[in-house]
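Taking it in order: structure first as structure tokens, then the write-up.
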Amino acid sequence: MALPLLRDLVQAADLKARKSLGQNFLFDLNLTSKIARAGTPFANTVIEIGPGPGGLTRSLLLEGAKEVIAVEKDRRVIGFLEHLVKAADGHLSVIEADALAEPVWELGTAPRQIIANLPYNIATTLLLQWLEHAPSFASFILMFQKEVAMRIIANPGDAAYGRLSIITQWRAEAEAIFDIPPEAFIPPPKITSTVVRLIPRAKPLADCEPADLEAVTAIAFGQRRKMLRASFKAYGGADFIEAAGLEPSSRPQEVPIEGFCALARLYHEHQKER
Ligand code: SAM
């Protein structure tokens, strides 16, 4: 695949980054290839959200992805990427769509992967939506703001441990793989970025309904500094917490995911009895 330099193409096409679409582009092939390689061996279908000018897309193809499906909201980009679609000779298709409304878990053939430098403003919404379809995916290699990545991978006791850590890790194993400094992007964002690898679990870490887990983590972390017995006063306080096998004086940051699942199961029963 012999292609002109991406920077030159972007300049010639006057493809200026738009803040409203979270556009911070990566032109350094070494970096985009490092991200792509984090997803190898590739699954049958690699889905890229927000290809932009196509730096990471090029790397996915160069690293050997057989089917790349790129989903992009910016119509300007769809035309711009035509050169790459041609050069990729059947290995790349680009869909114009809003990723928030696109059932990407149905694209291509399983096993699927999502590898993407996500627009920061919708990154966690997208992740949570995809995790509801976790069994459709073999893995996710995703770039987040470092602060968000730290919340995703945090363990009980860590300052960043909270709802995002619990709801994510309930369904997937998560690890941070490397950071990317602001100056690697055009235009540079104000923050450092972190690439995270998520591998969906065959089944969630412990039994409970997702809506109940969301509800109990919202109650517990809505008052982060309070003991669980105080936050769950309306549900029976200390008795409720003890029935879940937890210490009533514990605070939410100390409780492992399995503990929140036990609370979620009790919460479910409590709601039924109401
Ligand atoms: N992958 C490119 C790179 O690494 O240089 C661009 C990454 S840029 C951070 C985010 C990309 O997501 C942009 O191309 C932007 O147009 C696209 N985007 C923003 N919102 C989107 C949405 N709702 N659905 C699909 N793509 C979106």
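The values are calculated or read from the model by the stated rules, or taken from the named source; none is laboratory data. No experiment lies behind these values; they were computed from the predicted model shown. All Cβ positions, even for glycine, are placed from backbone atoms using ideal geometry, and neighbour counts span all protein chains on display. Just the protein is used for accessible areas: all its heavy atoms, side chains included, with ligands, DNA and RNA removed. Shrake-Rupley method; radii C 1.70, N 1.55, O 1.52, S 1.80 Å.
Output the pairs from 34/73; 34/203; 203/226; 19/203 with a Cα-Cα distance over 27 Å in this structure; if there are none, say none. Flagged as over cut-off: 34/203; 203/226; 19/203.
Legend: residues 105, 170, sorted from most to least accessible area (1.4 Å probe; ligands, DNA and RNA excluded), read 105, 170.
Taking the chain as a Gaussian network of alpha-carbon nodes connected by springs under 10 Å, the highest mean-square fluctuation of the residues 246, 26, 56 belongs to 246. Each of residue 28 and residue 233 was given a label point 7 Å from its Cα along the Cα-to-Cβ line. The distance between the two points is 5.3 nm.
The residues of segment 6-200 present an accessible area of 43 Å² per residue when probed at 1.4 Å with all protein chains retained.
So, R0 is 25 Å and r is the distance between the beta-carbons of residue 173 and residue 89; what FRET efficiency does that work out to, to 0.05?
Here the calculated transfer efficiency is 0.10.
Solvent-accessible area assigned to carbon and sulfur over segment 136-200 amounts to 54 percent, based on a 1.4 Å probe. Computed from label points 7 Å out along Cα-Cβ, the spacing between residue 106 and residue 215 is 2.9 nm.
What's the carbon and sulfur percent of segment 210-273's accessible surface, probe 1.4 angstrom, rounded to a whole number?
Carbon and sulfur together cover 48 percent of it.
Here the chain is described by how far its Cα atoms reach on the three principal axes: 67, 37, 29 Å, from widest to narrowest.
Checking the cross-link filter: which aspartates and glutamates have an alpha carbon closer than 16 Å to that of residue 86, excluding same-chain neighbours under 8 positions apart? Within the straight-line cut-off, residue 86 pairs with 67.
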